[in-house]
1. Label position 7 Å from Cα toward Cβ: report the copy-to-copy distances for residue A:53 in nm, one decimal, ordered from shortest.
2. Report, to the nearest 10°, how far helix B:201-211 tilts away from the longest principal axis of the Cα atoms in chain B, using its own Cα long axis and a range of 0 to 90°.
3. Give me A:95, D:170 sorted ascending by neighbouring Cβ count inside 10 Å, so fewest comes first.
4. Mind jotting down the distance between the C-alpha centroids of segment C:250-317 and segment D:91-111, whole Å?
5. Could you give the angle, 0 to 90 degrees to the nearest 10, between helix C:87-98's Cα long axis and the longest principal axis of the Cα atoms of chain C?
6. Find the percent of Cα-Cα distances in segment B:166-225 that exceed 17 Å, and round it to a whole number.
7. Under a GNM of chain D (C-alpha, springs under 10 Å), which listed residue has the highest mean-square fluctuation: D:56, D:67, D:205?
8. Using Cβ counts within 10 Å as a stand-in for footprinting exposure, how do B:153, B:55, A:161 rank, fewest first?
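All of the numbers you see were taken from the coordinates with simple rules; none came from a lab. Note that the structure is a prediction, hence the values are computed from the model and not measured. No Cβ is skipped: glycine too gets one built from the backbone with ideal geometry, and neighbour counts run over all protein chains shown.
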Ligand SMILES: Cc1cc2nc3c(=O)[nH]c(=O)nc-3n(C[C@H](O)[C@H](O)[C@H](O)COP(=O)(O)O)c2cc1C
Ligand SMILES: Cc1cc2nc3c(=O)[nH]c(=O)nc-3n(C[C@H](O)[C@H](O)[C@H](O)COP(=O)(O)O)c2cc1C
Ligand SMILES: Cc1cc2nc3c(=O)[nH]c(=O)nc-3n(C[C@H](O)[C@H](O)[C@H](O)COP(=O)(O)O)c2cc1C
Ligand SMILES: Cc1cc2nc3c(=O)[nH]c(=O)nc-3n(C[C@H](O)[C@H](O)[C@H](O)COP(=O)(O)O)c2cc1C
């Protein structure tokens, strides 16, 4: 028997409308960064340890003080109702069942309240608006519903160009409730509602002060930016190139992680996403110093093909893989994974 | 929608006579250097900056004191009347409309006066002749018509061999007025009219003294040669391997640029060409220290397929790409692009 | 005439049941490590020596005090009766005829006594059991039959997942006597009979003390683990990633060998396996400091296609190749092979 | 028009009997070294010099005191009568016409006297025999006929195995006079006539003393062996892996050259062969410190397809290429080619 995860993208391509599948799969411009993401994890080779006691393997990890049973966390992706009628709620159910963490996109088609009702541990992702107060209703609603952290996506002063071919795009198919479920009525009609193009460290401070939640800055690829985030009071930085959807040609996150960890790893948590697909990739991320690894597309494909059960299955399969990987590497827990496992 | 630029070469191959298209596309011998040029730009990966104010993006740049609205400058290529009846004049119109800079080949089929009449900012490229005074009429005519600089092409003591197959070449098709429009009558019939094989720094001095224009030395790949040019009074050096048309196996210009900038970048301007095709390549060139990047073939293909409007469209599209790229890289202008953007 | 060894895998694929061939060929998960093993040997280039006396070439080598006529030793592989009715006994006959060394898998389908009767020099491979004494009967039986050493396979706290497709697996075809011929009746039915997951250096000491045989630790890829083995009294460490069948993504053994030799090479013997297929690979292994190189799959394929004679032919052909290689490298014996032969 | 040299191998494949063509083309075993030879030259990239006087380009070079008009020298290859009825004599005519140097194989099918009669400058290649005096008649005959040097091939204590397929080999087709034209009658029938397997530096001394000719040691890939040759009185060392026909996996000569030059370049001349096919390769060889570059197969293919005229044409074309290359690199002669031309 093969892996559930292995044919996932192909199966999603089969069942989803072409425009929807393309929206999720595509990277910006030539998809350079998207297509290099997984390969950068795969390049690493391991030096497994032997003669260690791995009788008890513990997969638990802690992010921002919350314990996760499953260390494969789920990154924010917009438009989940495009792949499943219940969208983010169905996603939340699968994640909750697996014991992982969900980051809810600001473009969610489900409300924070409905998501929270599944019992999932969740964070709220936000794009800060040109007119700062315009994003506050979303944040307050998230906090009230139980979001444990705010994720500030910092890599999107403008949305990276994607090349679509002929035919309809997801925006032609999008139903009214596919996104923006957590925004007040009329949001989006004023220029101040647009994504801010003048973000700075002061916005990190402002978000922390205003929401009283830990602030995670997502989209950081550089050590100097990580330092600026840490100094502005970020609780964590998230090494991401937005799944290759913003600057095409951005370095692979697997190649950026270590320098960021070296700079701020003692002060804040460091997460990573981008092309993470297997337990081995997650081990690599932890070996390079990450506290958590996130996946964007695979959970969406699992949701689109098998609903909540698919999401749970995906995460469960990865848990099993990770248990085996840790045993074979001589590590009874992710905390024991260090850079010394990598062959360099 | 895809990029206008992406199918340009293929569309040019469709509309141009085979011998004409081949003339523009081909490199010398095995086309090693031609085929590696773009790949050398593509190799670089970026570390975009976040949390910067990119509300105002300014594409303007300055070369030899002249401000360009569009930083994609156009390198000299001979025989533009082979692809368009109005040749260099039509090219000039498109460049002027885009707000860029044109370098007119010494083998132009249009006169400097007609080119100048389009309002374009232009420089005149020259091959210094075996008998030095033989090239003066061209230079004086250029200066009189308003050329802002002289470009001395230094990499062509002999024309690199190209392998043509069977069938006619561009020289079989060439109409009488396709080139040499700016030379006096009878030019080319005396041995002294041939390209000099004994160029030296003294020719740079002589050109500057004689023309009273800034002299740009084109075809420099080495730091030591750049130093000799700077000491001879060049205003700029232009890192070029002639589009891969001279020594086949010459290093990619993207790989030569940095050493030249390190040697003379504080004293003279440094330009680059060779395989530049996208805004990302231009950003890379500036990150490696170039003051300006030039393109040879793409404007010719745009001219050959859509005339002046095609040239303007090509440059406008690149401007739009560049605005997005600079925003995503956290740089409000090209002046803010430094080597720190590159992942190494 | 080509090499006997070259078409061996293909011929085995032809004559063996698909499930049997697949079992031997496959690596764990994506077969990354399996498929990289030979390539890592092939990467090395040589600087042959000239003007040396190679009139007499001596292939003999010594492992743990025993002299081998043929330096291509045979690694333990389970289930040899799946490819030949007489299984390990037929294998032993071929190895004995060639003058090489056999390591008998703990999952042998032939008894140590029958194997010993062929006159082969052999060692016994063991998986230490969760309940330590459970593995003693096998070890005592091996010792009594004449095993010269115990090989503790340390890389298997759990068996690495293999992806089989549809159809039967070897376990569906396995006859009753295909494995476990050397275990006492009823072995395997108690939980303590399972592979230990808490192996440590103390087990190396215990094995040496209990069996009074030299203990070889197989599956070591790291210098620090090699050090721990040496300090625990191992007579040798065996650099192996189990033919790519345990942690997929483990480094190629050719790339691990040198660091292990640097750490413990002065104190214990160091062996290597994984993708060794030619005399050149064996020379490379010795150049990198190995005392012996082992092969797993090729002897099985030789056994499956041509029986004992095939095994002898394979080893004999390699001997001839090695004689030629040593002459062309200017080395009259393997002992004269050093790292200076490699181009770096 | 393409290069005469480019289709040469294909044309030779067309006109020569398959067994003959295969004999010349093949490398030992997997042809690893043969197939990597040219690629190793091609890997180098150049930094052409500009603003140099290249009005006069001088291709002359000097080897062992003899001036060559054409710097593409011809390595010894056996059995030239297999490709042309007049064999080595026809080869000599072409080389003489081009003004280059011929090294006559000890397995020549033409006599030294007939070769000398063409006026060609030639050296005699020798395999020293197990019984040393057995090779003296050949050497004395060569010297008497005018050979200017002796080339001791040191890389062949045994002939490297080649894998032939089905069908006849060159030895089945070989006519009586295809080789050994310069040996006394009955040569080859005594064991002492076999190639020596115990060559040492003393044989270099002995050859020099006995023949009173400069001795060139061919087949040296290592700096330490080059040193031993120089100390034994060699006039030159020739970096060669025998066209990939001896140890398969030997490093590319382009990768060995520099270390040999660094070791002995101040004391003896250093030559190189292996995969040299273009003027650029020859320039690379000189840039890395070689005094001369030799070609083995291409002149044979030229001889087989177009006779003496083909050989002359091949060498003449390369001369023209080299003139252009030197002009474009800013070097008026090969003596001005240094390592600074290479991009590193
Ligand atoms: C279709 C799609 C939509 C996304 N939407 C958002 C979003 O709304 N907010 C955000 O911060 N990131 C968004 N991302 C980026 C993801 O959070 C994540 O960084 C990326 O998908 C990780 O790469 P992976 O898909 O290779 O795992 C989106 C990604 C995709 C593919
Ligand atoms: C067909 C063709 C003609 C050219 N003619 C000239 C010329 O007359 N003078 C000159 O200095 N460079 C000439 N060049 C070189 C260009 O100025 C420029 O260096 C090169 O085209 C840049 O590479 P790119 O085409 O990849 O952008 C020519 C290039 C081409 C392709
Ligand atoms: C089918 C198969 C079964 C194996 N069984 C065992 C075993 O029982 N015990 C053991 O220590 N290693 C076992 N190995 C690993 C081999 O001993 C050896 O490490 C590996 O095959 C070497 O790689 P190679 O096949 O590329 O030569 C097995 C390998 C294969 C392919
Ligand atoms: C068919 C053939 C026969 C050869 N015979 C000899 C020989 O008799 N003596 C010798 O020293 N080298 C011999 N060589 C090696 C050549 O001298 C030379 O080292 C080699 O061919 C150079 O590589 P190239 O063919 O790629 O140019 C032979 C090579 C070939 C291909």
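1. Shortest to longest, the spacings are 6.0, 6.0, 8.4 nm.
2. 80 degrees
3. On the way: A:95 31, D:170 19.
So the residues, fewest neighbours to most, are D:170, A:95.
4. Spelled out, the Cα-based centre of one part sits 46 Å from the other.
5. Rounded to the nearest ten degrees, it is 20.
6. Working: 1162 of 1770 pairs.
So the portion of pairs separated by more than 17 Å is 66 percent.
7. D:56
8. Values: B:153 24, B:55 12, A:161 18.
Sorted ascending by nearby Cβ count, the order is B:55, A:161, B:153.
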